[in-house]
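Just so it is clear, none of the values below were taken in a lab; they were calculated from the coordinates. Remember, predicted model here, so these are calculated numbers, not experimental data. Reconstructed Cβ throughout: ideal geometry from the backbone, glycine too, with neighbour counts over all protein chains shown.
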Amino acid sequence: MRIKALEPEIVHMEGNALVPAKAVCYKKDANGGITETIKPRTHEFENELKEKIKKELTGVSIFPTKEYVFLSITYGLNSSSEYKKLDLDNRAKTILDALKGVVYEDDMQVKVLLTDKLFLEHTSESYYKFSVKILDKKTESQLYKHLSRIGR
């Protein structure tokens with residue numbers, strides 16, 4: 001896994017693991033209340049990622065930012081069955097929550113979220129990578145111009 005601050009306002013990271021989906025289960029407890037649980041594997045992945053990012057960003061004073069951000073996430077999958085069933089929004093939520101409190105204060109600050117998945121036909125390992133860019137007015141304007149050119 002590699003994490004780097006490319007510029008003071010950009011964080012880029014990649015790892016060769018399959019990001020677990022953020023699946024929340026609700027169960028009634030003994031008192032009739034509802035308990036929310038997350039799969040342990042997802043919780044472990046999220047906490048490990050958060051700790052690695054926190055360690056890498058030690059001393060970078062602008063994080064966690066209070067500004068809006070652009071977040072791009074790519075999943076490269078070497079299994080066609082995994083590719084077909086990958087639920088982008090649940091996988092993205094795992095990463096969004098791992099970045100909370102470390103890169104940004106709250107995931108409400110994610111103004112633009114771009115996720116995609118790629119099928120890796122001739123590769124033995126799946127991977128994920130993401131980039132976070134703090135948005136200022138100039139960057140935001142450039143981003144929207146670019147997105148409008150590619151039909152988004």
- Message: Could you go through segment 61-79 and let me know if any residue there is without any contact (Cβ under 8 Å) to a residue 40 or more places away in the chain, loosely packed, with under 13 Cβ neighbours inside 10 Å, in a helix (DSSP H, G or I) and not charged (D, E, K, R).
- Response: no
- Task: Inspect segment 85-101 for any residue being surrounded by fewer than 12 Cβ atoms within 10 Å (Cβ to Cβ) and in contact with an Asp or Glu (Cβ under 7 Å, 6 or more places away or on another chain) and give the result as yes or no.
- Result: no
- Query: How about segment 114-152: which of its residues are touching a Ser or Thr at 6+ places or on another chain (Cβ under 9 Å) and under 26 Å from residue 58 (Cβ atoms)?
  - Reply: 127, 128, 129, 130, 131, 132, 133, 134
- Conditions (1) among the polar types (S, T, N, Q); (2) farther than 30 Å from residue 40 by Cβ; (3) in contact with a strand residue (DSSP E or B) (Cβ under 7 Å, 6 or more places away or on another chain); (4) surrounded by fewer than 13 Cβ atoms within 10 Å (Cβ to Cβ); number of the one not met by residue 141: (3)
- Query: Given the residues 46, 82, 36, 14, which is the only one that is surrounded by 14 or more Cβ atoms within 10 Å (Cβ to Cβ), touching a strand residue (DSSP E or B) at 6+ places or on another chain (Cβ under 7 Å) and among the acidic types (Asp, Glu)?
  - Reply: 14
- Task: Might you check whether a residue that is crowded, with 16+ Cβ neighbours inside 10 Å, of a type outside the set (Ser, Thr, Tyr), farther than 23 Å from residue 119 by Cβ and in contact with a strand residue (DSSP E or B) (Cβ under 8 Å, 6 or more places away or on another chain) occurs anywhere in segment 17-32?
- Result: no
- Filter segment 52-65 down to residues that are touching a strand residue (DSSP E or B) at 6+ places or on another chain (Cβ under 8 Å) and of a type in the set (D, E, K, R), then give me how many there are. 2
- So is residue 110 more than 30 Å from residue 137 (Cα to Cα) and crowded, with 17+ Cβ neighbours inside 10 Å or not? no
- Message: Being without any contact (Cβ under 8 Å) to a residue 60 or more places away in the chain, in a strand (DSSP E or B) and more than 16 Å from the chain's Cα centre (by Cα): is that true of residue 27 here?
- Response: yes
